[in-house]
Every structure is written in structure tokens, then in C-alpha cells.
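The structure appears below as C-alpha cells.
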Amino acid sequence: MNKELLYTGKAKDVYKTDNEDEVIVHFRNDITALDGGKTDSLENKGRYNTLISAKLFEVLESKGVKTQYIDLITSEEMLSKSLKMIPLEVICRNIATGSLIKKYPFQEKQELNPPIIQFDYKNDEFHDPMLNDDIIIALNIATKDDLERIREITRKLNSVLVDFLKEHGIILVDFKIEVGFDKDNNIVVGDEISPDTTRLWDIETGKNFDKDIFRKNESGVVSAYHKVVKAILTPEEQKKWNVE
Ligand code: C5P
């Protein structure tokens, strides 16, 4: 297999394959926060994020939400559809926390019903500013119809994952997804859905199972990610991928 590097991001590398419609996404152990101001490398983090993303993509596909996911190659490498990515960070919030309560007068842990969908510009130079529909359209990032479709996909994805995670003892507080066009011009969910890109709280204790642990300089990041793997993968899947 041809392993030419196509793109390298903060925590993942994307490689070409012999098929131009498919790429391999390699999840690295690197972790960053605070606009790149805090970085580290944590053993097994890439592996756990791969397994969690693959599982969540499989759940979404089973409920009719299209994703880039094709298959797992190893527990760190995902065979994925090649997408033309839209440079948006699509953020969806069920509970107010994080930057929302820093910027607006919401109460911490306030329930948001309907969920809030927010678009940030994926642009390091401008530090990912929040956008509105007019700015997105004027910058040719996406059309009005694309935005309507992205909102529809995000709402469906949110309701599928809220239900699935709840069954496994986890509250889906908020998340960021990225979307792109597949070869048939459908908008599909790409990138990853993992504890790096979501806030996940234990239903019993309210404790974080996500990157907030790293953002707050607390210990136990990888063991929290490991708990998510143990909670959502079946015993057979854990055995297949040697999860202890
Ligand atoms: O920091 P904030 O509260 O805006 O984050 C909302 C959600 O989006 C969190 O789940 C966070 O992990 C995710 N996010 C992300 N990548 C970013 C910004 C936010 O995955 N660049």
C-alpha cells in the first residue's frame, strides 16, 4: 500500500492509498489544548481515540448518519472515504459549560434544549473565530443550503449519540464535528468523534471522561479515555483490539 503523507494535523496524519477515493487516518498520541499553547504525547491516546471514533461512526452509520468511516486497519489506523473538507468546526451543546459560559451569561450545567449549534472557522491564523451564516456565505465557506444540511446532520448525530452514550452511562455534554463532501457530493461526517472533541460526563458522578482533564492540568487523561473504550465497546470488540 502506498503510504504517501497527504496531510498532518495536531493529532492525526492522513495518508494516500492506491484508491483515490480512500485515505488512511492515523491517530497519533499527541494532544494539544489552549489554541496549541499546551501539548503533550500520551501513550495509548491515539489507540483509544481510534477505537472510540470507529465505534461511534459505526453507531451513526447504523442509524443512517453518513460518515467517512470504512473500516479499522489497526487500532490506530482508520480506512476512510476521501472527503473535501469544509473548514468549519461544527459545535453542538446540550449543557452549558466551557467557552459558552465564559463568553455568555449562561449558568454552568444549564440544560440547553433545543441544543445550541455553533459554527467556528477552522483557521489557525484567525484563532478559530465564531461565524454566523452571513459570514460563512460571504467567505464562500458553505452555501445556505449546505448550512441547512449541516444543521440537520448535526441534530440527528446529536440525538443518536446522546441516546447511545446514555445507555452506556455517559452524558454527551457537547462536541465538535467536521464535515466534508464525498465523491458523490454528499455532506458526510469526517475527522473524529472522541474524548478529544467531545465533553463526556459520568452519569453517576458527573466526572469528566474527556480532554477537559488535560486542559485543567489534571492527571488521568488516558485512564479516562480507557474508561470510555471499556464502556462503549462490546467485550468481543475489546478482545479483538487487545483492550485490557
Ligand atoms: O471550548 P468549547 O466549550 O467551545 O468547546 C465545545 C466543544 O467543542 C468541546 O467538546 C470541545 O472539546 C470541542 N472543541 C474541539 N475543538 C476545538 C474547539 C472545541 O474539539 N477547536
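The values are calculated or read from the model by the stated rules, or taken from the named source; none is laboratory data. Keep in mind that what you see is a predicted model, and the values were worked out from it rather than measured. Cβ placement follows ideal geometry from the backbone for every residue including glycine, while neighbour counts extend to all protein chains displayed. Remember, those area values only see protein heavy atoms, side chains included, never the ligands or the DNA or RNA. Shrake-Rupley method; radii C 1.70, N 1.55, O 1.52, S 1.80 Å.
Results, tabulated for the structure shown:
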read-out	value
Sequence ranges 3-10, 51-58, ranked by mean other-Cβ count within 10 angstrom, highest first	51-58, 3-10
Whole-Hz ³J(HN,Hα) from phi, Karplus 6.51 cos²θ - 1.76 cosθ + 1.60, for the range 166-179, glycine and proline x	4, 4, 10, x, 10, 8, 8, 7, 7, 6, 10, 10, 10, 10
Relative contact order computed over the range 8-144 (Cα-Cα under 8 Å; 6+ residues apart), in percent	16
Distance between the range 215-244 and the range 147-186 - C-alpha centres, whole angstrom	21
Cα centroid of the range 1-58 to Cα centroid of the range 94-112, whole Å	29
Gyration tensor verdict on the chain (Cα atoms; rounded if a/c is under 1.5, prolate if a/b is larger than b/c, oblate otherwise)	rounded
Distant-in-sequence amide H partners of residue 76 (H built 1.01 Å from N, under 5 Å)	none
GNM result for the chain, Cα springs below 10 Å: residue of 118, 107, 68 fluctuating most strongly	107
The range 65-179: C-alpha gyration tensor shape, a/c 1.5 cut-off, then a/b vs b/c	oblate
Solvent-accessible surface (1.4 angstrom probe) belonging to residue 126, in square angstrom, nearest 10	130
For the chain: accessible area per residue (Å², 1.4 Å)	52
